Amino acid sequence: MAQAGTIHTVRGPVEPAALGRTLAHEHIFCDFYRITGNLNHLLNDEELAVEELGALVRAGGTGLVEVTTTDFGRDPGRLRRVAERTGLHIVMGTGWYRQPYYPESIDRTPTEALARQMIAELTQGVDGTGIRAGIIGEIGAHGSFLTAQEERVLRAAARAQRATGAALTTHASMYPVGTAQLAILQEEGVDPSRVIIGHCDTYLDREYHLTVLRAGAYVQFDTVGRVHMNPDERRADALIALLRAGWLERLLLSSDRCHRSDMHAFGGVGYDVVFTRFFGMLRERGVSQAELDIMTIENPRRVLAW
Ligand SMILES: [Zn+2]
């Protein structure tokens, strides 16, 4: 069935049907090191990226959403080169991540101007490169609440969402703060079916997930392989409970690779972990290939098209 809208990648527009198997929340180049001081939190090696993404391609991956925003190392030119070298469809993010990373100028910039910058990156491209963002986010809150600045950025992101129709993807880590994000987005008039609440698998509470789903937004299990936050077995069981409750079409998967230690070269499980080890775990628990395809092919192409 033909689908409305286009998916905007760093190499240009792609028909939804051509996207293929896609990870919905990843990082190829990112710099958390600037704030954390931990060298493990820096990805800035293009050769390493191409090598590591090769494993993803060999595992059947064809698309990836790169949710690094301007304030922690987004690099449009390098993303386009990596897309060309690997053949992957890479959808790039726009916006700001969370308060510790924000530029000082956030406080001096009106909400409307923040929105306008995101709209320009989505519709015209970044800084004259012609490389367009294809999604808003990841827009974050890192505690059990949003700071005043984080609320401001989220409201600006909401306005950019309404102006463009692009999906809006969030960072809601370790707390059920996705419900607070959703409430603000709904207050701004955003259609929840254009919202992806991220890192839901860092807070494995069924009622939290159901609250997000009943509101009409996507629940994203995007830290697969990050076993210090949750063992993948618990992640799989929680995901399947939602799937069996009828929410298959609102579930997205990814692995949020953002540390050097996530990479195969450093002993990690790599970008392919969702399609290899985690798929295996889901199959063992009775999930069908058709269901895996809906979560990793159909849902991404539906939400990414605008
Ligand atoms: Zn995140």
### Summary
With the first residue restricted to the stretch 250-279 and required to be open to solvent by 40 Å² or more (accessible area, probe 1.4 Å), and the second required to be within 16 Å of the ligand (Cβ to nearest atom), Cβ contacts under 6 Å at 6 or more apart or on different chains are Arg250/Tyr218; Arg260/Asn40; Ser261/Asn40; Val269/Gly225
### Query
If you check Thr170, Thr164, which single one turns out to be of a type in the set (Ser, Thr, Tyr), touching a Leu at 6+ places or on another chain (Cβ under 9 Å) and within 16 Å of the ligand (Cβ to nearest atom)?
Thr170
### Task
Scan the stretch 149-178 and report the pairs whose first residue is closer than 16 Å to Arg108 by Cα and among the hydrophobic types (A, V, I, L, M, F, W, C) and whose second residue is open to solvent by 10 Å² or more (accessible area, probe 1.4 Å) and within 13 Å of the ligand (Cβ to nearest atom), with Cβ atoms within less than 7 Å and a gap of 6+ or a chain change.
Val153/Trp96
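Using the structure shown, decide if Leu182 is surrounded by fewer than 24 Cβ atoms within 10 Å (Cβ to Cβ), away from the ligand (no atom under 14 Å from the Cβ), assigned to a loop (DSSP other than H, G, I, E, B) and hydrophobic (A, V, I, L, M, F, W, C). Talk me through it step by step, then tell me what you get.
Details: surrounded by fewer than 24 Cβ atoms within 10 Å (Cβ to Cβ): yes; away from the ligand (no atom under 14 Å from the Cβ): yes; assigned to a loop (DSSP other than H, G, I, E, B): no; hydrophobic (A, V, I, L, M, F, W, C): yes.
For Leu182, the condition - surrounded by fewer than 24 Cβ atoms within 10 Å (Cβ to Cβ), away from the ligand (no atom under 14 Å from the Cβ), assigned to a loop (DSSP other than H, G, I, E, B) and hydrophobic (A, V, I, L, M, F, W, C) - is not met.
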### Query
Tally time: how many residues in the stretch 224-242 are surrounded by fewer than 18 Cβ atoms within 10 Å (Cβ to Cβ) and part of a helix (DSSP H, G or I)?
5
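Let's see how each residue does on (1) under 26 Å from Thr223 (Cβ atoms); (2) crowded, with 18+ Cβ neighbours inside 10 Å; (3) away from the ligand (no atom under 15 Å from the Cβ):
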{"site": "Glu46", "(1), (2), (3)": "yes, no, yes"}
{"site": "Thr69", "(1), (2), (3)": "yes, yes, no"}
{"site": "Arg74", "(1), (2), (3)": "yes, yes, no"}
{"site": "Val91", "(1), (2), (3)": "yes, yes, yes"}
{"site": "Arg116", "(1), (2), (3)": "no, no, yes"}
{"site": "Gly140", "(1), (2), (3)": "yes, yes, no"}
{"site": "Arg152", "(1), (2), (3)": "no, yes, yes"}
#### Entry: Top-ranked residue of the stretch 11-37 - restricted to ones that are free of Cβ contacts under 8 Å to residues at least 60 places away in the same chain and touching a helix residue (DSSP H, G or I) at 6+ places or on another chain (Cβ under 7 Å), ranked as farthest from Ser254 (Cα to Cα)
Tyr33
### Message
Condition (residue is within 21 Å of Thr9 (Cα to Cα) and in contact (Cβ under 8 Å) with a residue 12 or more places away in the chain) applied to the stretch 98-112: is it met by at least one residue?
### Response
no
### Message
Based on this model, can you work out whether Glu84 counts as under 20 Å from Ala133 (Cβ atoms), open to solvent by 10 Å² or more (accessible area, probe 1.4 Å), among the acidic types (Asp, Glu) and touching a residue at least 60 places away in the same chain (Cβ under 8 Å)?
### Response
yes
### Query
Only one residue in Ala120, Ala115, Ala133 is under 21 Å from Val195 (Cα atoms), of a type outside the set (Phe, Trp, Tyr) and free of Cβ contacts under 8 Å to residues at least 12 places away in the same chain, so which one is that?
Ala120
#### Entry: Output for the stretch 154-174, where each listed residue is within 26 Å of Asn230 (Cα to Cα) and surrounded by fewer than 18 Cβ atoms within 10 Å (Cβ to Cβ)
Met174
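The values are calculated or read from the model by the stated rules, or taken from the named source; none is laboratory data. Since the structure is predicted, the reported quantities are computational estimates derived from the model, not experimental observations. When we count neighbours, we look across all protein chains shown, and the Cβ atoms used for this are built from the backbone with ideal geometry, even at glycine. Heavy atoms of the whole protein, side chains included, go into the accessibility calculation; ligands, DNA and RNA do not. Shrake-Rupley method; radii C 1.70, N 1.55, O 1.52, S 1.80 Å.
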